[in-house]
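Let me begin by presenting the structure, written as structure tokens, before commenting on it.
The values are calculated or read from the model by the stated rules, or taken from the named source; none is laboratory data. The model shown is predicted, which means the values in this text are computed figures rather than measured ones. Positions of Cβ are generated from backbone atoms using ideal geometry, with glycine treated the same way; all protein chains shown enter the neighbour counts.
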Amino acid sequence: MEVLNKKTAGKTLRPERIIQFGEGNFLRAFADWIIYNMDEKTGFNGSVVVVQPIENGMAEALNVQDCLYHVNLQGLEKGRPVNSLTKIDVISRALNPYTQFADYLKLAEQPDMRFVISNTTEAGIVFDSACRFDDAPAASYPGKLTQLLYHRFRKFGGDPSKGLIIFPCELIFLNGHRLKETIIRYIRHWNLGDEFRRWFETACGVYATLVDRIVPGFPHKDIDSIKNTLGYDDNLVVQAEVFHLWVIEAPKSVAAEFPADKAGLNVLFVDSEAPYHERKVTLLNGPHTVLSPVAYLSGINIVRDACRHEVIGRYIHRVMFDELMETLNLPKAELEQFAHDVLERFNNPFVDHRLTSIMLNSFPKYRTRDLPGVKVYLARKGKLPEGLVLGFAAMIVYYKGGNRADGTEIKPDDSPEIIEWLQRLWKTNDTQEVAKGVLGATFIWDEDLNHIPGLTALVKKYLDDILEKGMLEAVKELL
């Protein structure tokens with residue numbers, strides 16, 4: 001078996017046009033895969049310089065393989081299984097700014113540089129007042145980016161044509177707005193001047209994006225067979241689902257420069273990412289949050305098995321199509337197509353997505369993903385969405401702990417405050433008190449949900465049904 005590098009596998013040389021903060025599995029299986037397709041199918045012709053955003057990262061591991069690796073896409077596409085391997089060769093080199101700060105700043109001096117992409121986790125876009133301009137580098141990602149932008153501003157004398165187009169991919173709503181505000185805070189904090197601030201605000205564009213692709217990461221289970229198939233010793237293989245979506249809140253002029261939507265990819269340039277963010281949270285994350293406790297308490301462990309179960313599958317369909325979809329404002333046909341795509345993703349035969357992993361921090365998730373739908377549905381229909389409320393009751397029972405019907409120990413995982421609160425309520429052995437106490441937990445909801453008409457009574461009813469008849473029977477009754 002050969003080592004994987006440019007001598008053994010070949011590598012296309014392209015101009016360096018993109019700076020990418022982040023070298024982890026997601027960006028390599030998502031953004032770099034998209035850029036590879038742009039290079040192959042449009043006239044984009046650009047490569048990526050990866051910048052390691054934290055002190056300990058993968059830059060060295062990438063450089064050992066000349067930044068070559070394979071993406072293993074697995075899943076269903078229009079009902080057909082896909083299991084493909086693609087060599088990605090768009091990363092030209094990887095830098096560690098903590099040991100190569102001068103090389104990092106020199107990226108700003110390259111006239112062809114035009115784009116910045118990042119995924120530094122939700123905690124990455126923060127303002128840290130302890131960061132100093134002369135740090136090498138600044139600790140925070142926005143601080144590092146501000147240093148780079150200022151160096152570019154000085155190098156090219158404020159030339160407006162040398163601004164950068166910036167696409168943050170962190171999972172934060174309106175991430176571009178947040179990043180732009182944070183950079184401006186650094187400009188003021190470091191006294192970098194109004195001239196630089198005006199150049200940044202007019203010559204550069206920071207655009208909100210929504211990214212969506214499940215990336216399990218390194219295929220530990222399949223790596224030996226993958227290496228045998230490839231004939232290369234690739235230690236950076238990354239597995240991902242087939243589905244992908246990148247929504248970019250940017251004008252057509254940006255789309256013309258970054259033609260991902262012309263490469264046969266699911267990339268959308270839109271006026272506002274808000275409805276797409278709401279659609280994803282509501283129709284993908286929302287069903288995940290309620291199906292997990294319902295399916296788990298019914299004796300199921302994997303999302304795919306829940307979707308294929310005769311009863312739980314119908315429950316999931318009801319919550320998605322009859323309840324949550326009714327709370328959204330995009331065209332019905334578009335919503336239905338997205339929902340069917342979600343179900344196909346849930347049914348991925350290659351990914352064993354464990355229900356217990358989804359139930360981490362269930363109450364905060366329900367607050368953002370499902371509670372808005374409960375309120376909108378009630379306002380529009382004049383009644384509560386029973387599937388969503390049953391899922392909420394199942395969550396409360398899950399947090400009771402104990403054992404499942406098959407003897408499996410139930411181990412809820414949330415903040416100690418929430419765990420202790422639920423345990424205290426369940427010690428009353430009074431489902432009315434449990435329902436009232438959970439709904440009245442303002443430290444979770446920032447409001448008293450007992451004021452929602454009929455909700456307390458319906459939650460109590462479903463708690464009683466689950467405890468007396470079992471989860472599966474409670475679902476059958478609902479259906």
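Worth a mention:
- Exclusive hit being at pLDDT 95 or above and touching a Pro at 6+ places or on another chain (Cβ under 6 Å), set TYR141, TYR150, TYR232: TYR141
- Being closer than 19 Å to ARG354 by Cβ, modelled with pLDDT under 95 and within 16 Å of the chain's Cα centre (by Cα) is not true of HIS277.
- Sole exception among (1) surrounded by fewer than 17 Cβ atoms within 10 Å (Cβ to Cβ); (2) in contact (Cβ under 8 Å) with a residue 40 or more places away in the chain; (3) assigned to a strand (DSSP E or B) for SER84, by number: (2)
- Within region 239-270, restricting attention to residues that are aromatic (Phe, Trp, Tyr) and at pLDDT 95 or above, the residue that is surrounded by the most Cβ atoms within 10 Å (Cβ to Cβ) is PHE258.
- Taken over region 398-450, residues that are within 27 Å of the chain's Cα centre (by Cα), part of a loop (DSSP other than H, G, I, E, B) and of a type in the set (D, E, K, R) amount to 4.
- For region 241-257, filtering for residues that are outside any helix (DSSP H, G or I), more than 15 Å from CYS204 (Cα to Cα) and among the hydrophobic types (A, V, I, L, M, F, W, C) leaves 6.
- The set of residues in region 356-370 that are assigned to a helix (DSSP H, G or I), among the hydrophobic types (A, V, I, L, M, F, W, C) and buried (at least 21 other Cβ atoms within 10 Å of the Cβ) contains only PHE363.
- Qualifying residue in region 287-298 (condition: in contact (Cβ under 8 Å) with a residue 12 or more places away in the chain and either outside any helix (DSSP H, G or I) or surrounded by fewer than 17 Cβ atoms within 10 Å (Cβ to Cβ) (or both)): yes
- Taken together, the criteria place ILE187 among residues that are modelled with pLDDT of 95 or more and over 26 Å from the mean Cα position of the chain (by Cα).
- Filter result for the condition that a residue is in a strand (DSSP E or B) and in contact with a helix residue (DSSP H, G or I) (Cβ under 6 Å, 6 or more places away or on another chain), over LEU210, LEU268: LEU210
- Filter result (within 22 Å of the chain's Cα centre (by Cα) and assigned to a helix (DSSP H, G or I)) within region 328-344: GLU334, LEU335, GLU336, GLN337, PHE338, ALA339, HIS340, ASP341, VAL342, LEU343, GLU344
Residues checked against (1) touching a residue at least 60 places away in the same chain (Cβ under 8 Å); (2) touching a strand residue (DSSP E or B) at 6+ places or on another chain (Cβ under 6 Å):
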| site | (1), (2) |
| --- | --- |
| ASP352 | no, yes |
| ARG369 | yes, no |
| PRO385 | yes, no |
| VAL397 | yes, no |
| GLY402 | no, no |
| PRO412 | no, no |
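- Test: residue in region 273-288 that is of a type in the set (S, T, N, Q) and not assigned by TED's automatic domain parsing to the domain that holds ILE18: yes
- Scanning region 62-82 for residues that are of a type in the set (Val, Ile, Thr) and under 24 Å from the mean Cα position of the chain (by Cα) yields VAL71, VAL82.
- The conditions of being assigned to a loop (DSSP other than H, G, I, E, B) and surrounded by fewer than 19 Cβ atoms within 10 Å (Cβ to Cβ) are not met by LEU236.
- Just one residue in the set ALA138, ALA108, ALA94, ALA130 is surrounded by fewer than 20 Cβ atoms within 10 Å (Cβ to Cβ) and either over 18 Å from LEU179 (Cα atoms) or not basic (Lys, Arg) (or both); that residue is ALA130.
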